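*Asks:* Starting off with a structure, shown below.
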Amino acid sequence: MSKAFASRADLTEKVVSFDRLSDNAYAYTAQGDPNTGIVIGDDAVLVVDTQATPVMAEDVIRRIRQVTDKPIKYVVLSHYHAVRVLGASAYEPQEIIASRDTYDLIVERGAADMKSEIERFPRLFRAVESVPGLTWPTIVFEKQLTLWLGKLEVQILQLGRGHTKGDTVVWLPKDRILFSGDLVEFEATPYAGDAYFSHWPATLDALAALRPAKLVPGRGASLQTPQQVEAGIAGTRAFVSELYSAVKRAAASGKDLNTIYKEVVGELRPRYGQWVIFDHCMPFDVTRAYDEATQYADPRIWTAERDKEMWKQLEA
Ligand SMILES: [Zn+2]
């Protein structure tokens, strides 16, 4: 392999920010590493995505404890990816909430995904031995669930497919704050190895229709004005749409995946190459786009073995 597999060469620790977005909302972000959202209600705290391991989640808990002593009762999984969900046990939550589609994906491919992701991102699974196993939801919803944390309304919404089949966002209607999970990234490359490219733009339309004043993306800084929110959504939409139309066009003309990969990386690098994890994501993203454009409506399961075979084929 000419290029280190996935994020194995990425070993530099990032600087964490813990941003106050309102009386009820905070964002734990880390220069493009996976984010965690925090909602503080009258009687309880809700966490959106957990960090990759319980030991890493302890840093989130430490920061929550600097602003509130209310119990952390709820964890919401924006989707099933290991790097977001395997720290859940650290919060000792009363309930872990996920969409039915996310639950189904954990059943179908959670174990394969855990092994694959741990090998892709060694730095992001610090103290991986503290992970007790897969994270299982205790509440599974379809389409929409409303929680009241005292007087604070929290809407947990599945607005459509995009980054995965089960994508879930958390919306605070009073403050107009949205936690988008990986449906929106900011100055970070969208990972699309498990994506539905043809659905993603319409799902972004549904997010934008909420007219968020602030948005916490899956990766990247929290977006704190409507203009920044618009830029985050537009940037994600442009990347996903340009990548998929380039792959579709090349596949329709009968080119093979290796040729398409080189062409599409060359086409997108000038605009997106400076976003974090660009080189990590592109082989997975182009492979999935090619699958979707040709013969696989649903993403195929990534295993640690399939990851490496694909990487060798495209990066050799
Ligand atoms: Zn993800």
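The values are calculated or read from the model by the stated rules, or taken from the named source; none is laboratory data. No experiment lies behind these values; they were computed from the predicted model shown. Neighbour counts run over all protein chains shown; Cβ positions are idealised from the backbone, glycine included.
*Asks:* May I ask you to list the residues in region 150-189 that are over 14 Å from L204 (Cα atoms) and either of a type in the set (D, E) or surrounded by fewer than 20 Cβ atoms within 10 Å (Cβ to Cβ) (or both)?
*Replies:* The answer is G150, K151, E153, Q155, P173, K174, D175, R176, E187.
*Asks:* Does G266 satisfy the condition of being of a type outside the set (S, T, N, Q) and free of Cβ contacts under 8 Å to residues at least 12 places away in the same chain? I'd like the intermediate steps shown before the answer.
*Replies:* Values: of a type outside the set (S, T, N, Q): yes; free of Cβ contacts under 8 Å to residues at least 12 places away in the same chain: yes.
When the stated conditions are applied, G266 passes them.
*Asks:* Is it the case that region 80-103 has a residue that's within 16 Å of the ligand (Cβ to nearest atom), of a type in the set (D, E), out of contact with any Leu (no Cβ under 8 Å at 6 or more places or on another chain) and modelled with pLDDT of 95 or more?
*Replies:* yes
*Asks:* Can I ask one more? Name the residues in region 8-33 that are within 24 Å of Y191 (Cβ to Cβ) and touching a Leu at 6+ places or on another chain (Cβ under 7 Å), would you?
*Replies:* Passing the criteria: A27, D33.
*Asks:* While we're looking at this one, here's another question. Since T294 meets every condition but one in (1) surrounded by 16 or more Cβ atoms within 10 Å (Cβ to Cβ); (2) touching a residue at least 40 places away in the same chain (Cβ under 8 Å), which condition does it not meet?
*Replies:* Of everything listed in (1) surrounded by 16 or more Cβ atoms within 10 Å (Cβ to Cβ); (2) touching a residue at least 40 places away in the same chain (Cβ under 8 Å), T294 misses just condition (1).
*Asks:* Test G181 against the stated conditions and say whether it is closer than 27 Å to G273 by Cα, out of contact with any Lys or Arg (no Cβ under 6 Å at 6 or more places or on another chain), among the small types (G, A, S) and within 16 Å of the ligand (Cβ to nearest atom).
*Replies:* The answer is yes for G181.
*Asks:* Separate question: Looking at A57, A9, A25 in this structure, which one is more than 16 Å from the ligand (Cβ to nearest atom), crowded, with 22+ Cβ neighbours inside 10 Å and more than 18 Å from the chain's Cα centre (by Cα)?
*Replies:* On the way: A57 fails: more than 18 Å from the chain's Cα centre (by Cα); A9 fails: crowded, with 22+ Cβ neighbours inside 10 Å.
Going through A57, A9, A25 in turn, just one is more than 16 Å from the ligand (Cβ to nearest atom), crowded, with 22+ Cβ neighbours inside 10 Å and more than 18 Å from the chain's Cα centre (by Cα): A25.
*Asks:* Do any residues in region 140-158 that are on the phi > 0 side of the Ramachandran plot have Cβ atoms under 9 Å from those of residues that are of a type in the set (S, T, N, Q), where the two are at least six apart or on different chains, and which pairs are they?
*Replies:* Pairs that qualify, where the first residue is on the phi > 0 side of the Ramachandran plot and the partner is of a type in the set (S, T, N, Q), are K143/S99; K143/Q158.
*Asks:* Considering only region 19-137, give the strands (runs of 3 or more DSSP E) lying wholly within it that have at least 1 residues that are of a type in the set (D, E, K, R) and in contact (Cβ under 8 Å) with a residue 24 or more places away in the chain.
*Replies:* Values: elements: 25-30, 33-40, 45-48, 72-76, 95-99.
Fully inside region 19-137 and qualifying: 33-40, 72-76, 95-99.
*Asks:* Looking at region 161-173, I want the residues that are farther than 17 Å from V140 by Cα and within 13 Å of the ligand (Cβ to nearest atom) and have a partner that is in a strand (DSSP E or B) and modelled with pLDDT of 95 or more with Cβ atoms under 7 Å, at least 6 apart or on another chain. Which pairs are those?
*Replies:* The qualifying pairs are H163/G181.
*Asks:* If a residue has to be crowded, with 24+ Cβ neighbours inside 10 Å and farther than 16 Å from V75 by Cβ to count, how many in region 30-54 make the cut?
*Replies:* Within region 30-54, residues that are crowded, with 24+ Cβ neighbours inside 10 Å and farther than 16 Å from V75 by Cβ number 1.
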